[in-house]
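Colleague: The structure under discussion is supplied below as structure tokens; questions concerning it will follow.
The values are calculated or read from the model by the stated rules, or taken from the named source; none is laboratory data. Just so it is clear, the structure is predicted and the values come from calculations on it, not from any experiment. Using ideal geometry, Cβ is built from the backbone for each residue, glycine included, and neighbour counts are taken over all protein chains shown. Just the protein is used for accessible areas: all its heavy atoms, side chains included, with ligands, DNA and RNA removed. Shrake-Rupley method; radii C 1.70, N 1.55, O 1.52, S 1.80 Å.
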Amino acid sequence: MVKTYLKTLVRAFARHVTRFLSIFSMALICVGFVAGLGSTVNKIDDSLSQFYADGRVSDFILKSTTAKGCTPEEISAVRRRYGEDNVETGASYDVNLKIGDEEQIVRLYFFDGEGQINRLQSIEKSDVPLADGAIAAKAEEGDNQINGIPLGSEITLDFIEIVKDLSPENAETIEKLPAFLQPKPITVTVTETVASPLLFSKDGEPSYKLPEDTPLPDTIGAVNKLEFLVGNVLYLPADIIPEIMGTPILPKNSDLYVTMQNRTLFRAFSSDYKRAVEAEKTDYLNTLENVKAITLYDNYSFVSLHSYAEKVMGITVVLMIAFLLVTGLVVLSTMTRFLDEERAQIACLRTLGYSGAKIIFKYILFALLATGLGGTGGYFVGIGICYLIYTVFNYSFRMPPMASRVTIVFFLITLITLVVATLIATAISGAKMMNEKPANLLRPKAPKAGKKVFLERIPFLWKALPFRYKSTSRNVLRYLGRFFMTVIAVAFSTALMMAALGLLDLCLFGGISDNSIMGVAAVVAVFAGLLTAVVVYTLTNINISERNRELATLKVLGYHDKEVSSYVYREVYIDSIIGVLLGYPFSALLVGIVFKVIGLGTLGGISWFMWLIAPLIVLAFTALVTLILKRKIVKIDMNESLKANE
């Protein structure tokens, strides 16, 4: 008996390879999509946290609100609070400078010491040695907003002109001094290109550049509408600031860079970190006079990258539910049809004495292997998607090195949900069949009885229809289960495609120039298309398999292959068109949820033609699938199909 059972098991896999591959493909697409986007979310936050730690990024920047900068007493008090090694002094000024032939507003950062806080990453160094007495400067790497200064460039710093920009009153005082006391212009040479861990957004850093009363943009994309005046950034030693009678003409200690002692709290803006920052501001920083505290929550680069991760998370959660619904629905239909086709096999096994549990186990194993292997393959597809999207983010950010930590949360959630749902559906369908007597199982299921359709109640219209359309009208509603399955699956596929196009439209025509969201939208569009193709293929294939005898009869009656194909495909197209129409309200609902979750876009803002493109893509996939499956109809063996099963 064991040998017989194993033979039936092997034959089931051999005879139903197409069905196995359909379930495998749907699991691969569903798990791959969700795992890929979900892993991207975790990968961004992990990389951001590692970047924060490696660069010793400051948790607070304390900026003096007085013209003299921070006093020694204030600096000592802050160092006592946070530790000597956790506080560094510096200064920053936005000034007009001539870079090459162009006047630009350049940000000058002056640092004391080696700069172990907010460590600059070296990008490129000049091989040309500096002349004796020459002053070396470091320039920020160029991006969308920062022009970048070539290595070897010489820049003249006229400190009197700089003071005029920053404090006209002090400049007047300096100009009244004797010429020998007035500071002479200083020439610096750019010897190294660097990247600051505070300035990795390629769209600039508004929180450090805009006036104090300018609000930080609350939506990603709004940054592109702001005018950023800073064209370049230079990093210089603080000791080059001239002094007059022992007093610097510009404060060298206008900024204090502070790191908290517990560096593990950050974890990509964790709730513990947020509480710690708020507590520190309330308990200490806000009590300091003449000092304004800037936190990482004010840093556009950090906040916007983390915000992007949260938006991808929102898209992932919403679309994960939709993908699981479509995939689960079609897998249920596939396994139900599989059990129907195996009625005779099940009856034979029961008469041989096999228990219902052993018989059902064969089909559970089939479903488990198909979804399990497809889901496992989906994990590796997800890794590829994660790397792709992370790379796309480089268009908007100078992305931190990708963290090596492996995250499988979304992969496990999707795979387990899909496998459990499939196994439960298979077990329930099998249990229903076990309640039937073997004699009934050996008989083929009686075909569905034809029913009148609403068109028949309109005599003049019904009489005008050719016979083939009358037959199609009746068949569409004759198999209600298959009809609703196809319509709902196509409707959800249309909604997924519309969600992808809605996101693309947001970036292309919605005034939000955002390559990162566009990359995510492109991935959604591709996988929505793939899922649509597999769904339509699987359901159409089931349709053809269920009606082998019916189609063979038509061929015996003299129908040509084209006519037989049209007989089936008319129903498929009608089901698909109804599904597309039903997909419009589903699309509005899904797109509305996605836009609400990511905090961008409105339904009314979507271009009208996108509402036409999405259903056309779904119908194009349907047409492609019917072309692929035409060969199956042509190859129907009339003799085998019409053999009596009794």
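Colleague: So F586 fits all but one of (1) more than 28 Å from the chain's Cα centre (by Cα); (2) hydrophobic (A, V, I, L, M, F, W, C); (3) open to solvent by 50 Å² or more (accessible area, probe 1.4 Å); what number is the exception?
Modeller: Among (1) more than 28 Å from the chain's Cα centre (by Cα); (2) hydrophobic (A, V, I, L, M, F, W, C); (3) open to solvent by 50 Å² or more (accessible area, probe 1.4 Å), F586 violates only (1).
Colleague: Output the qualifying pairs, or none if there are none: Cβ atoms under 6 angstrom, residues six or more apart or on different chains, first residue in the range 413-431 and closer than 15 Å to T334 by Cβ, second residue part of a helix (DSSP H, G or I) and among the polar types (S, T, N, Q).
Modeller: Once the first residue is closer than 15 Å to T334 by Cβ and sits in the range 413-431, its partners that are part of a helix (DSSP H, G or I) and among the polar types (S, T, N, Q) give L418/T371; V419/T371; T422/T371; S429/T336.
Colleague: Considering only the range 48-90, state which residues are among the small types (G, A, S) and modelled with pLDDT under 90.
Modeller: Hits for the range 48-90 are S64, A67, G69.
Colleague: Do any residues in the range 507-535 that are assigned to a helix (DSSP H, G or I) have Cβ atoms under 8 Å from those of residues that are of a type in the set (K, R) and at pLDDT 85 or above, where the two are at least six apart or on different chains, and which pairs are they?
Modeller: Qualifying pairs under 8 Å: I517/K311.
Colleague: Continuing with the same structure: Which pairs do you get when a residue that is touching a residue at least 60 places away in the same chain (Cβ under 8 Å), found in the range 606-621, comes within reach of a residue that is surrounded by fewer than 19 Cβ atoms within 10 Å (Cβ to Cβ) and not in a helix (DSSP H, G or I), reach meaning Cβ atoms under 7 angstrom, with the pair 6+ apart or on two chains?
Modeller: Qualifying pairs under 7 Å: S607/F509.
Colleague: Among T191, T187, which is among the hydroxyl-bearing types (S, T, Y), at pLDDT 75 or above, assigned to a strand (DSSP E or B) and surrounded by fewer than 20 Cβ atoms within 10 Å (Cβ to Cβ)?
Modeller: T187
Colleague: While we're looking at this one, here's another question. Can you find a residue in the range 117-133 that is among the small types (G, A, S) and surrounded by 14 or more Cβ atoms within 10 Å (Cβ to Cβ)?
Modeller: yes
Colleague: With respect to the numbered conditions (1) at pLDDT 80 or above; (2) touching a helix residue (DSSP H, G or I) at 6+ places or on another chain (Cβ under 6 Å); (3) of a type outside the set (A, V, I, L, M), which one is the sole condition not fulfilled by N548?
Modeller: (1)
Colleague: Which of the numbered conditions does M26 fail, given that it passes all the others? Conditions: (1) open to solvent by less than 20 Å² (accessible area, probe 1.4 Å); (2) assigned to a loop (DSSP other than H, G, I, E, B).
Modeller: (2)
Colleague: Would you confirm whether or not the range 197-210 contains a residue that is assigned to a loop (DSSP other than H, G, I, E, B), among the polar types (S, T, N, Q) and either open to solvent by 30 Å² or more (accessible area, probe 1.4 Å) or at pLDDT 75 or above (or both)?
Modeller: The answer is no; no qualifying residue exists.
Colleague: Among the residues of the range 259-280, which ones are of a type in the set (A, V, I, L, M) and either assigned to a helix (DSSP H, G or I) or touching a Leu at 6+ places or on another chain (Cβ under 6 Å) (or both)?
Modeller: Those that are of a type in the set (A, V, I, L, M) and either assigned to a helix (DSSP H, G or I) or touching a Leu at 6+ places or on another chain (Cβ under 6 Å) (or both): L265, A268, A276, V277, A279.
Colleague: Now for a different question. Which residue pairs have Cβ atoms closer than 6 Å, lie 6 or more positions apart in sequence or on different chains, and pair a first residue in the range 555-567 that is open to solvent by 40 Å² or more (accessible area, probe 1.4 Å) with a second residue that is part of a helix (DSSP H, G or I)?
Modeller: The qualifying pairs are V556/M638; D561/V634.
Colleague: Looking at (1) farther than 26 Å from E161 by Cα; (2) modelled with pLDDT of 90 or more, which is the only condition D255 fails?
Modeller: With respect to (1) farther than 26 Å from E161 by Cα; (2) modelled with pLDDT of 90 or more, D255 is out only on (1).
Colleague: Anything in the range 404-432 that is under 29 Å from Y354 (Cα atoms) and either of a type in the set (D, E, K, R) or touching a Cys at 6+ places or on another chain (Cβ under 7 Å) (or both)? List them, or say none.
Modeller: Hits for the range 404-432 are L418, K432.
Colleague: If you take the residues in the range 55-76 that are in a helix (DSSP H, G or I) and in contact (Cβ under 8 Å) with a residue 24 or more places away in the chain, which one is surrounded by the fewest Cβ atoms within 10 Å (Cβ to Cβ)?
Modeller: I75
Colleague: In the range 528-535, is there at least one residue being surrounded by fewer than 17 Cβ atoms within 10 Å (Cβ to Cβ), within 16 Å of L624 (Cβ to Cβ), aliphatic (A, V, I, L, M) and modelled with pLDDT of 85 or more?
Modeller: No, because not a single residue in the range 528-535 is surrounded by fewer than 17 Cβ atoms within 10 Å (Cβ to Cβ), within 16 Å of L624 (Cβ to Cβ), aliphatic (A, V, I, L, M) and modelled with pLDDT of 85 or more.
Colleague: Residue by residue through the range 278-321, note down the ones that are touching a strand residue (DSSP E or B) at 6+ places or on another chain (Cβ under 6 Å), hydrophobic (A, V, I, L, M, F, W, C) and buried (at least 21 other Cβ atoms within 10 Å of the Cβ).
Modeller: L305
Colleague: Filtering the range 350-376 down to residues that are charged (D, E, K, R) and closer than 16 Å to A427 by Cβ, which residue is most open to solvent (accessible area, probe 1.4 Å)?
Modeller: Of everything passing the filter in the range 350-376, K358 is most open to solvent (accessible area, probe 1.4 Å).
Colleague: With the structure loaded, tell me whether A91 is in a loop (DSSP other than H, G, I, E, B) and either within 28 Å of D165 (Cβ to Cβ) or of a type in the set (S, T, Y) (or both) or whether it fails that test.
Modeller: Spelling it out, it is not the case that A91 is in a loop (DSSP other than H, G, I, E, B) and either within 28 Å of D165 (Cβ to Cβ) or of a type in the set (S, T, Y) (or both).
Colleague: Going through the range 77-101 one residue at a time, which ones are in contact (Cβ under 8 Å) with a residue 12 or more places away in the chain and either open to solvent by 70 Å² or more (accessible area, probe 1.4 Å) or of a type in the set (S, T, Y) (or both)?
Modeller: Matches in the range 77-101: R81, Y82, D85, T89, S92, Y93, N96, K98.
Colleague: Shifting gears a bit: Please verify whether the range 324-342 includes one or more residues that are open to solvent by 20 Å² or more (accessible area, probe 1.4 Å), polar (S, T, N, Q), farther than 20 Å from F20 by Cβ and in a helix (DSSP H, G or I).
Modeller: no
Colleague: Here's something else I'd like to know. Go through the range 598-624 residue by residue and tally those that are within 13 Å of Y573 (Cα to Cα) and of a type in the set (S, T, Y).
Modeller: The qualifying residues number 1.
Colleague: Answer yes if at least one residue in the range 603-611 is closer than 30 Å to L305 by Cα and in contact with a Leu (Cβ under 6 Å, 6 or more places away or on another chain), and no otherwise.
Modeller: Within the range 603-611, one or more residues are closer than 30 Å to L305 by Cα and in contact with a Leu (Cβ under 6 Å, 6 or more places away or on another chain).
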